[in-house]
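**Student:** Just passing along the structure, written as structure tokens.
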Amino acid sequence: MGGFSQVCLGLVLIWGFAFFRVPLYGWTVLVGALLYGLTYYHLIEKSAWVLWPIFVLVVIPLNLPFLRRKLTQYVFTWFRGVLPPMSETEREAIEAGDVWWEKEIFQGKPHWQQLLKMPKPALSKDEKDFIDFQVEKLCSMLDDWHIVHENSDLPLEAWEFLKKEKFFGMIIPKEYGGLEFSPLANSTVIMKISTRSVSAAVTVMVPNSLGPAELLLHYGTEKQKKYYLPRLANGKEIPCFALTGPEAGSDAGAIPDKGIICKGHFEGAEVLGIRLTFDKRYITLAPIATLFGLAFKLYDPDKLLGDKTELGVTLCLIPTNHPGVEIGNRHFPLNMAFMNGPIRGTDVFVPLDWIIGGAKMAGRGWQMLMECLAAGRGISLPALSTATGILAYKTTGAYAAVRRQFSLPIGQFEGVDEALARIAGLTYTMQALRTLTAHAIGQGIKPAVATAIAKYHMTEMSRKVMNDAMDIHGGRGVMLGPSNYLGRGYQGIPVSITVEGANILTRSLIIFGQGAIRCHPYAKQEMMAAQLYETDKKKALKLFDKNFIKHVGYFISTVVRCATLSLSRGRVSMVWINDETQYYIKKINWLSSALALTADIALLTLGGDLKRKEKLSARLGDILSQLYIASTIIKYYRDQGRHYDDWPMAKWALQTCLYKTQTAFYGLFENYPQRAVGVFLKWFIFPFGSAFTLPKDNLGHECVQYMLTLSGARQRLTESCFIGNEESPVGLIETTFNKLIACGPVMSKLFQAIKRKEINKNLSFELQIQAAIVKKILTHEEVEILKEYESYRLRAIAVDEFTPDYALGSQIECKINNKAAQTG
């Protein structure tokens, strides 16, 4: 073998070792072998005397930690200097939950087998039966106009049915009398109810989300579980959870509510307990709750429990009829009828064993909350958002088919077609993201970052979908009344956006802020080493050294992987899948490697300042989010069976994700504080310029065609949408749509005659069909079919009317609870 060939082989091996992230000992063997080969074949006769000593001087310290630490200690000193301080609350939030597929994306080398070979999400027979019968029956009991506008509450029969059928016990195991449904089933139940009534869905959602049942299951004592869980399952106890207060919203760790460890009297005896003072608001189900969970900061000034005087956030379970608890007033959240209101108390004494988990869990409340937050972020709110999507998809597609302007169905206008395409593509995206994230939770994973991604992006997507649906419906969507199926959902969207961490906060601080530390293979351990330094310097240096040397190798590999995939635009990425999704998997692999490199460079060049650069953090979070979302679309499409009529929506959604990823990258490059770094990253990751565009118009049109017909794609995507009979608003528009499809051939004959000018296009529909009979274009039977359809069409596009003196809603007493104003 010639010298040139040997050099080429050596370069290929070096590239391969870096690309596939071979560890340090592998590099030592490789470099040693290459040097030996070059020496053996006399390719470095004179240089050998220099290269071999350098090799020995470098390799020995690198492979012997006690020598290597002589060098890394200086890096460690620098690292501790630039690392921002971390509060106990931040540390607990970061450590809460698990990382899952988002970690694969973040590290730039996704293992697709892990995702695609994951079992297909599926409901059990009991879960399917419950949705087909109990949920269907519940929805048939609900009239959202009466619930929201007239009664401001669910009907009594619905409340009784919810309790009897254990809707409030979906997450409670059967051994405690619950239904023990999977997170996917929980999500699907909430989603279907929400297509009928958002107020009812929220009522069912809260007991099965972050609250007493969820916390008891994970942390409660056996005594607490045996007493409360059966009562929660059968509806004897209606729960709520009190976290948010006037001075602590998104910054829930700063809650001013406090409890003091002291002795007091309870049930006639002196016991060790807690004296509580609290002021909470926005608490869903509070006005009707019989049991509430309370988050507060616990203090032990007399050291009755130990040496610490400030124990931290603690969680208690308290009956609402307990002396001193003030409850019962209502808020009115954007015209929704679900119960929501304040809870207050001053000097309320409770026994110590009312702490969830008992006294040993005192001060661990923030960690408990963070670990259980996935239920709200990953199950409940995505279910509400997807319900918005599937309801808009089904009704807006039908409306665009039956509503005519300028003698054409409005769905045939390109402007409407564009909006319908967004509804289709975003709804498919939400369904994919909801399904996979809920399924991951069902597999025992607590994906903290992935659920934050789902919460933020799905609530934002639902807002866009509903805006497009309202634009297409025009006045039909604006005029509230019993026949309006969009208005209340439109009003309620900000509720989902606000709860479980406001969206602005979630995007700018949580997704990347938490993701960078949890998903990076070494950052968390390096930070732990810095914290450990105060108590054990030697152990801290060992921990830092071990992870830092791996971090260096990871960074080198990331540079090589990103360079390779960027120059080829992902084409050389090795993917074992050979179908229509392969192209997109390769692109995700490329952009994933780019994210890994960009994140590492941002951490290196900005250090602790990155924590304060919220706009940059948000864009890095957008990149991680869009790549995660794209992955769920591929998984969902394949799990559904790769149907030909699903592919246009999947393709539209994937192209949108890739374009948004690219947009986030460019926004990061153009706003990078160190201009040279931004220019370098832009050139390095996109050497040939932009690679992605938004979906083409013809692809969007293809999505819409399946939306405007009785296609399999339409049925699969909206199968969880409650329809009801033709007396219900959704049932009427769906029945009208079905009759339009059925009379299509007859309608076509009439329109062809009009086109041939055999019938005057300016005549009314009634006169047109009379002319068609006279000219024997249509038979009497065909005319009757058209008349029946027209009667339904007119009902479907009609809006509600009220008398001038109609009382707009029930009289609601407003009470201002602003202590500052009262005392001022």
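The values are calculated or read from the model by the stated rules, or taken from the named source; none is laboratory data. What you see is a predicted model; the values in this text were computed from it and never measured. FYI the Cβ positions are ideal-geometry reconstructions off the backbone, even for glycines, and counts take in every protein chain you see. The accessibility values were calculated without ligands, DNA or RNA, using every heavy atom of the protein model including side chains. Shrake-Rupley method; radii C 1.70, N 1.55, O 1.52, S 1.80 Å.
**Student:** Would you mind getting me the FRET efficiency between residue 705 and residue 24? Use the beta-carbon distance for r and R0 = 56 Å, nearest 0.05.
**Tutor:** For residue 705 and residue 24, the calculated efficiency is 0.50.
**Student:** Right, something else. Around residue 737, with a cut-off of 15 angstrom between Cβ atoms, what is the net charge of the other residues, counting Lys and Arg +1 and Asp and Glu -1?
**Tutor:** Values: positive: 394, 403, 404, 476, 714, 739, 793, 795; negative: 726, 734, 788, 790.
Taking every other residue near residue 737 into account, the sum is +4.
**Student:** Oh, and also: To the nearest 0.05, how large is the calculated FRET efficiency for residue 676 and residue 751 if R₀ is 56 Å and r is the Cβ-Cβ distance?
**Tutor:** On the way: r = 64 Å, r/R0 = 1.14.
Once the sixth-power term is evaluated, E becomes 0.30.
**Student:** Here's a follow-up. Report relative contact order for region 590-736 in percent, whole number only (criteria: Cα-Cα under 8 Å, sequence separation at least 6). Please report the intermediate quantities before stating the final value.
**Tutor:** Working: 111 pairs, mean separation 30.2, N = 147.
Relative contact order here is 21 percent.
**Student:** Below 8 Å between Cα atoms, with a sequence gap of 6+, how large is the relative contact order for region 134-269 in percent?
**Tutor:** Numbers: 149 pairs, mean separation 32.0, N = 136.
With pairs under 8 Å counted, the relative contact order is 24 percent.
**Student:** Quick check for you: with a 1.4 Å probe and neighbouring chains kept, what is the accessible area per residue of the chain, in Å²?
**Tutor:** Values: 36490 Å² over 824 residues.
Result: 44 Å² of accessible area for each residue.
**Student:** What do you reckon, how do 354, 590 stack up by accessible area (1.4 Å probe), largest on top?
**Tutor:** Working: 354 45, 590 0 Å².
Accessible-area ranking of 354, 590, largest first: 354, 590.
**Student:** Can I ask one more? Given 108, 541, 323, which one lies farthest toward the positive end of the charge dipole of the chain, if we put +1 on the Cβ of every Lys and Arg and -1 on the Cβ of every Asp and Glu?
**Tutor:** Checking the options against the dipole of the chain, the answer is 541.
**Student:** With the Cα gyration tensor of region 510-564 giving a ≥ b ≥ c as the square roots of its eigenvalues, does the rule (a/c under 1.5 for rounded; else a/b larger than b/c for prolate; else oblate) give rounded, prolate or oblate?
**Tutor:** Details: a/c = 4.91, a/b = 1.53, b/c = 3.22.
Judged from the Cα gyration tensor, region 510-564 comes out oblate (a/c at least 1.5, b/c at or above a/b).
**Student:** Still on this structure, please answer the following. Pop out the carbon and sulfur fraction of the accessible area of the chain as a percent, whole number, probe 1.4 Å. Please list the in-between numbers first.
**Tutor:** Details: 20890 of 36490 Å².
Solvent-exposed carbon and sulfur of the chain make up 57 percent of the total.
**Student:** A further question follows. For region 227-311, which trypsin sites (Lys or Arg not before Pro) are both in a DSSP coil and crowded by at most 11 other Cβ atoms within 10 Å? Mind dumping the intermediate values first?
**Tutor:** Numbers: sites: 231, 236, 258, 263, 275, 280, 281, 297, 303, 308; in loops: 236, 303, 308.
Passing sites in region 227-311 are 303.
**Student:** Which entry in [x] 76, 69, 62; [y] 107, 85, 52; [z] 84, 80, 68 is this structure's computed Cα extents along the principal axes in Å?
**Tutor:** [y]
**Student:** Would you mind counting up the charge near residue 632? Only other residues with Cβ under 12 Å from its Cβ, with Lys and Arg at +1 and Asp and Glu at -1. Could the numbers behind the result be given before it?
**Tutor:** Values: positive: 434, 635, 638; negative: 102, 639.
Summing Lys and Arg as +1 and Asp and Glu as -1 gives +1.
**Student:** Is the shape of region 356-483 best called rounded, prolate or oblate, per the rule: a/c under 1.5 gives rounded, else a/b larger than b/c gives prolate, else oblate, with a ≥ b ≥ c the square roots of the Cα gyration tensor eigenvalues? Write down the numbers at each step before the final one.
**Tutor:** Numbers: a/c = 4.05, a/b = 2.75, b/c = 1.47.
Note, shape of region 356-483 comes out prolate.
**Student:** Further, regarding this structure: Taking the full set of protein chains and a 1.4 angstrom probe, give the accessible area of residue 396 in square angstrom, rounded to the nearest 10.
**Tutor:** So the heavy atoms of residue 396 present about 0 Å² to solvent.
**Student:** About the Cα centre, and with charges only on the beta carbon of Lys, Arg (+1) and Asp, Glu (-1), how big is the dipole of the chain? Nearest 20 debye, please. Present the calculation step by step, with values, prior to reporting the outcome.
**Tutor:** Numbers: 91 positive and 77 negative charges, 577 e Å.
My answer is approximately 2780 debye.
**Student:** Round to the nearest 10 and report in Å² the accessible area of residue 404, as given by a 1.4 Å probe over the protein chains' heavy atoms.
**Tutor:** Here the accessible area works out near 60 Å².
**Student:** Given a 1.4 Å probe and the protein chains all in place, what does the accessible area of residue 403 round to, in Å² to the nearest 10?
**Tutor:** Solvent-accessible area, nearest 10 Å²: 70 Å².
**Student:** Between residue 111 and residue 129, what is the spin-label point distance in nm, taking each point 7 Å from the Cα along the Cα→C-beta axis?
**Tutor:** 3.9 nm
**Student:** Apply the a/c threshold of 1.5 to the C-alpha gyration tensor of region 430-557 and tell me whether it is rounded, prolate or oblate. Don't jump to the answer; show the numbers that get you there.
**Tutor:** Working: a/c = 3.67, a/b = 3.24, b/c = 1.13.
Since a/c reaches 1.5 and a/b is larger than b/c, the shape of region 430-557 is classed as prolate.
**Student:** Scan the chain and note any complete DSSP helix (H) whose C-alpha atoms cover at least 27 Å along its axis and whose Kyte-Doolittle average is -1.0 or more. Walk me through the intermediate numbers first.
**Tutor:** Numbers: long enough: 381-402 (32 Å, 0.84); 414-442 (42 Å, 0.33); 448-473 (37 Å, -0.08); 537-568 (45 Å, 0.24); 582-606 (35 Å, 0.75); 614-639 (36 Å, -0.05); 647-670 (34 Å, 0.00).
Qualifying helices, which must be both long enough and hydrophobic enough, are 381-402, 414-442, 448-473, 537-568, 582-606, 614-639, 647-670.
**Student:** Which listed residue (146, 528, 563) has the Cα farthest towards the positive end of the charge dipole for the chain, taking +1 on Lys and Arg C-beta and -1 on Asp and Glu C-beta about the Cα centre?
**Tutor:** The one lying farthest along the dipole's positive direction is 563.
**Student:** Quick check: net charge around residue 698, other residues with Cβ under 13 Å of its Cβ, Lys/Arg +1 and Asp/Glu -1? Mind dumping the intermediate values first?
**Tutor:** Values: positive: 651, 696; negative: 414, 417, 418, 697, 702.
Local net charge: -3.
**Student:** Give the relative contact order (percent, whole number) for the chain; include only Cα pairs under 8 Å separated by 6+ residues. Could the numbers behind the result be given before it?
**Tutor:** On the way: 1276 pairs, mean separation 120.7, N = 824.
Relative contact order here is 15 percent.
**Student:** Just flag the chymotrypsin sites (Phe, Trp or Tyr not before Pro) in region 381-432 sitting in loop per DSSP whose Cβ has no more than 16 other Cβ atoms within 10 Å.
**Tutor:** Details: sites: 393, 399, 406, 413, 428; in loops: 406, 413.
Those that pass, being in a loop and sparsely packed, are 406, 413.
**Student:** While we're here: Nearest 0.05, what FRET efficiency do residue 303 and residue 552 give at R0 = 30 Å with Cβ-Cβ as r? Intermediate values should be presented prior to the final figure.
**Tutor:** Details: r = 47 Å, r/R0 = 1.57.
Rounded to the nearest 0.05, the efficiency is 0.05.
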